[in-house]
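K.L.:
Just passing along the structure, written as structure tokens.
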Amino acid sequence: MTDTVLVDLADGVLTLTLNRPDKLNSFNEAMHLALRAGFQRAHDDAEVRAVLLTGTGRGFSAGQDLGDRDPRKGGPAPDLGATLETFYNPTLRLIRSLEKPVICAVNGVAAGAGANIALACDIVLAAQSARFIQAFAKIGLVPDAGGSWSLTRILGEPRAKALALTAQPVSAQQAADWGLIWQAVADDALMDQARALALSLASGPTRGLGLTKRLIQAAATNSLDEQLDMERDCQREAGRSRDYAEGVTAFLEKRPAVFRGE
Ligand code: LHQ
């Protein structure tokens, strides 16, 4: 059986490639479990210092595999809440709680939960030809995989509601212009740029980068006082890292720093 997620660790970058191209990388159970295992490895393996998530073929991911629950087969209505609880939500939590950078290279259409998994990543690059579609309204569902949360936080209510209620596609360029993603990139340059970014982050001061992610994610719900306290605590921890000592030493010695993620 083909691997539903290709996994490759090189130079500190764990590349996870969704791999059901004939179904636009829509999620079946095997792919859910493989993706979750990939992010769990990123948590557990100190060799991993950045993650790059992408897809094979012409799509990034079309969300849940709709063929898995064909209503024409009859039987009781499925418990989609259980699907979220069992499969999507643990993966979303692993991505957000991973204190290492997660780069997403959206190589083509990202629809439904596929779009929202991309939006949960830390830095999102998308091919110019890619589209983001909150496809849920077309099949009577609500945005999931964190989409109602991320769209509203990033875009505000007016755009979040319009996208979710109409399921209108958003081009990569529009997504970048709105700040939904980091950059739209020429199709043939996407993977080179995404890999270069992942490599550069993987050779960075991993602890400091992880703490930075923690701080930025907490800012939306913290008061300024809470955030100042948190910055103090995170800076205290970063200041005890070997990478901090190396960064300052390299600066004083006028040479490039060699960070080891320690
Ligand atoms: C697919 C899919 C797909 C299976 C394309 N499934 N085969 C959570 C909890 C539990 C359950 C429910 O869902 C969720 C979260 C969700 O993600 S709900 C949202 C699910 N996704 C969608 O509704 C998107 C469905 N797909 C589309 O609307 C289109 O395929 C898009 C707009 C993504 C791409 O359109 P095209 O570029 O025209 O490609 P296509 O439609 O021709 O698709 C290519 C093939 O991929 C095709 O198979 P075939 O054998 O005919 O070549 C599609 O059937 C298959 N495919 N999405 N989600």
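The values are calculated or read from the model by the stated rules, or taken from the named source; none is laboratory data. Keep in mind the model is a prediction, meaning the values are calculated, not measured. A quick note on method: Cβ atoms are made from the backbone with ideal geometry, for glycine too, and the neighbour counts reach across all protein chains shown. What goes into the accessible areas is simple: the full protein's heavy atoms, side chains included, and nothing from ligands, DNA or RNA. Shrake-Rupley method; radii C 1.70, N 1.55, O 1.52, S 1.80 Å.
K.L.:
Report, by chain and number, residues whose modeled amide H sits under 5 Å from the one on Leu53, excluding near sequence neighbours (fewer than 5 apart, same chain).
P.N.:
Long-range HN contacts for Leu53: Leu16, Ile103, Cys104, Ala105.
K.L.:
So for region 5-202, considering every pair of alpha-carbon atoms, how many percent are separated by more than 32 Å?
P.N.:
Of the Cα pairs, 10 percent sit more than 32 Å apart.
K.L.:
Oh, and also: I'd like the chymotrypsin sites (Phe, Trp or Tyr not before Pro) in region 137-227 restricted to DSSP loop residues with at most 14 other Cβ atoms within 10 Å, sorted by number. Before the final figure, lay out the partial values.
P.N.:
Working: sites: Trp149, Trp178, Trp182; in loops: Trp182.
Taking region 137-227 and a limit of 14 other Cβ atoms within 10 Å, no loop chymotrypsin sites (Phe, Trp or Tyr not before Pro) are found.
K.L.:
Next question. Sort out for me the Cα centre separation of region 109-123 from region 204-262, rounded to whole Å.
P.N.:
Answer, in whole Å: 27.
K.L.:
Placing one identical point scatterer on every Cα of region 175-262 and ignoring solvent, what is log10 I(q)/I(0) from the Debye formula at q = 0.24, 0.25 Å⁻¹?
P.N.:
Log10 of I(q)/I(0), two decimals: -1.08, -1.11.
K.L.:
Let me ask another. Find which of Leu165, Ala238, Gly112 sits farthest along the positive direction of the dipole of the chain, computed with +1 on the beta-carbon of Lys and Arg, -1 on that of Asp and Glu, about the Cα centre.
P.N.:
The one lying farthest along the dipole's positive direction is Leu165.
K.L.:
Hey, another quick one. Hey, in the chain, which Cys have no second cysteine's beta-carbon closer than 4.7 Å?
P.N.:
Those would be Cys234, since no other cysteine Cβ in the chain comes under 4.7 Å of theirs.
K.L.:
Still on this structure: Which of these, Thr166, Thr54, Thr206, has the largest mean-square fluctuation under a Gaussian network model of the chain (Cα springs below 10 Å)?
P.N.:
Thr166
K.L.:
Let me ask something else about it. Name the most mobile residue of Cys104, Cys234, Cys121, meaning the one with the largest mean-square fluctuation, in a Gaussian network model of the chain with Cα contacts below 10 Å.
P.N.:
Cys234
K.L.:
Which whole-number value in Å² is the accessible area per residue of region 30-137, probe 1.4 Å?
P.N.:
Per residue, region 30-137 has an accessible area of 39 Å².
K.L.:
Here's a follow-up. So what is the relative contact order for region 8-132, in percent, with contacts set as C-alpha pairs under 8 Å and at least six apart?
P.N.:
29 percent
K.L.:
Apply 1/(1 + (r/R0)^6) to the Cβ-Cβ distance of Thr249 and Ala186, taking R0 = 30 Å, and write down the FRET efficiency to the nearest 0.05.
P.N.:
According to the calculation, E is roughly 0.20.
K.L.:
With a point put 7 Å past each Cα toward its Cβ, work out how far Ile139 is from Gln217 in nm, to one decimal.
P.N.:
With each label placed 7 Å out from Cα toward Cβ, I get 2.7 nm.
K.L.:
Kindly provide the trypsin sites (Lys or Arg not before Pro) of region 174-238 that DSSP labels as loop, not H, G, I, E or B, and whose Cβ sees at most 13 other Cβ atoms within 10 Å.
P.N.:
The qualifying sites: there are none.
K.L.:
Given the pairs Lys138/Lys161; Lys23/Lys161; Lys23/Lys138; Lys138/Lys213, which are separated by over 23 angstrom at their Cα positions?
P.N.:
On the way: Lys138/Lys161 14 Å; Lys23/Lys161 28 Å; Lys23/Lys138 18 Å; Lys138/Lys213 34 Å.
Result: Lys23/Lys161; Lys138/Lys213 exceed 23 Å.
K.L.:
What percentage of the solvent-accessible surface of the chain, computed with a 1.4 Å probe over protein heavy atoms, is contributed by carbon and sulfur atoms?
P.N.:
After summing per-atom areas, the C and S share lands at 55 percent.
K.L.:
Same structure again: Along the Cα→Cβ direction, 7 angstrom out, place labels at Gln235 and Ala167. What is the inter-label distance in nm?
P.N.:
Going from the Gln235 label point to the Ala167 one covers 4.9 nm.
K.L.:
Connecting C-alpha atoms closer than 10 Å in a GNM of the chain, tell me which of Gln227, Gln173, Gln128 has the biggest fluctuation.
P.N.:
In the Gaussian network model the winner is Gln227.
K.L.:
At a probe size of 1.4 Å, how large is the accessible area of Glu29, to the nearest 10 Å²?
P.N.:
Estimated to the nearest 10 Å², Glu29 gives 110 Å².
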